[in-house]
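Reading through the structure tokens given below for one structure.
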Amino acid sequence: MTVVFRTERLTVRPWAEPDAERLFDMYSRMDVVQYLGATPQVMTEPAQALRTLARWHERSADPRFGIWAVERADGVVAGTVLLVPLPDDAGTGRGEVEVGWHFHPDSWGNGYATEAARGAIEKGFAEGLDDIYAVVHPPNTASIRVCERLGMTALGRTSQWYGLELEGFRITR
């Protein structure tokens with residue numbers, strides 16, 4: 001198993017085909033996807049999970065970045081953490097990098113999002129990044145609290161990424 005990084009309680013690694021059932025279970029829930037994208041959509045068939053895995057692997061060609069599985073010590077995938085270039089509303093980007101997280105409801109409330117995101121931020125800084133951003137839909141108070149626990153600076157509302165009005169946060173090395 002390839003490991004991207006480890007934290008005290010978590011192993012962060014690439015998503016793999018055997019994880020497709022868990023990925024589908026997670027992303028087929030509106031309470032997980034409600035703040036993802038302009039028009040949140042749940043997965044409705046297991047084949048979507050396999051297509052998502054393939055797309056995520058393509059986005060991980062640069063080893064500094066990726067969309068990774070967050071595995072608990074008991075072997076259960078708790079969720080996803082990502083470190084990826086931020087697209088502007090034209091879809092290209094200006095070099096900013098985003099940290100983000102999505103977790104299965106059975107793993108909420110345990111500090112996993114903060115722990116995994118902190119590890120991703122440390123990885124980004126070790127790779128030479130000076131600033132890392134997070135963008136959060138304004139009603140997503142749980143993710144705003146994660147940004148605060150990470151020590152990120154609130155930048156206020158912005159629509160410079162994803163073509164949506166989001167709360168922006170930044171942490172500097």
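Counting just the residues of segment 135-173 that are of a type in the set (Val, Ile, Thr), in a strand (DSSP E or B) and over 15 Å from the mean Cα position of the chain (by Cα), which one comes out nearest to Ala78 (Cα to Cα)? Top of the filtered list is Ile171. In segment 103-137, what residues are of a type outside the set (Ser, Thr, Tyr), closer than 12 Å to Arg149 by Cβ and out of contact with any strand residue (DSSP E or B) (no Cβ under 8 Å at 6 or more places or on another chain)? Listed by number, the residues that qualify are Gly111, Arg118.
Of all residues in segment 135-149, exactly one satisfies the criterion of being free of Cβ contacts under 8 Å to residues at least 40 places away in the same chain and buried (at least 20 other Cβ atoms within 10 Å of the Cβ), namely Cys147. Which one is surrounded by the fewest Cβ atoms within 10 Å (Cβ to Cβ) among residues in segment 5-18 that are in a loop (DSSP other than H, G, I, E, B) and touching a Leu at 6+ places or on another chain (Cβ under 9 Å)? Per the criteria, the residue is Ala16.
Please work out if Gln41 is surrounded by fewer than 19 Cβ atoms within 10 Å (Cβ to Cβ), over 16 Å from the mean Cα position of the chain (by Cα) and within 24 Å of Gly163 (Cα to Cα). Yes; evaluated as a whole, the condition is true for this residue. When Glu21, Glu71, Glu58, Glu98 are checked against the criterion of being at pLDDT 95 or above and surrounded by fewer than 19 Cβ atoms within 10 Å (Cβ to Cβ), Glu21 stands alone in meeting it.
Please go through segment 101-134 and give me each residue that is among the aliphatic types (A, V, I, L, M), in a helix (DSSP H, G or I) and surrounded by 18 or more Cβ atoms within 10 Å (Cβ to Cβ), ordered by number. The answer is Ala113, Ala116, Ala117, Ala120, Ile121. Selection of segment 74-91 for residues being over 14 Å from the mean Cα position of the chain (by Cα), in a loop (DSSP other than H, G, I, E, B) and at pLDDT below 90 yields Pro87, Asp89, Ala90, Gly91. Taking segment 44-55 as the range and being small (Gly, Ala, Ser) and surrounded by fewer than 17 Cβ atoms within 10 Å (Cβ to Cβ) as the test, the residues that pass are Ala47, Ala54. Among the residues making up segment 154-173, a single one is closer than 19 Å to Gly124 by Cβ and exposed (fewer than 12 other Cβ atoms within 10 Å of the Cβ): Thr172.
The values are calculated or read from the model by the stated rules, or taken from the named source; none is laboratory data. Source: prediction; values computed, not measured. A quick note on method: Cβ atoms are made from the backbone with ideal geometry, for glycine too, and the neighbour counts reach across all protein chains shown.
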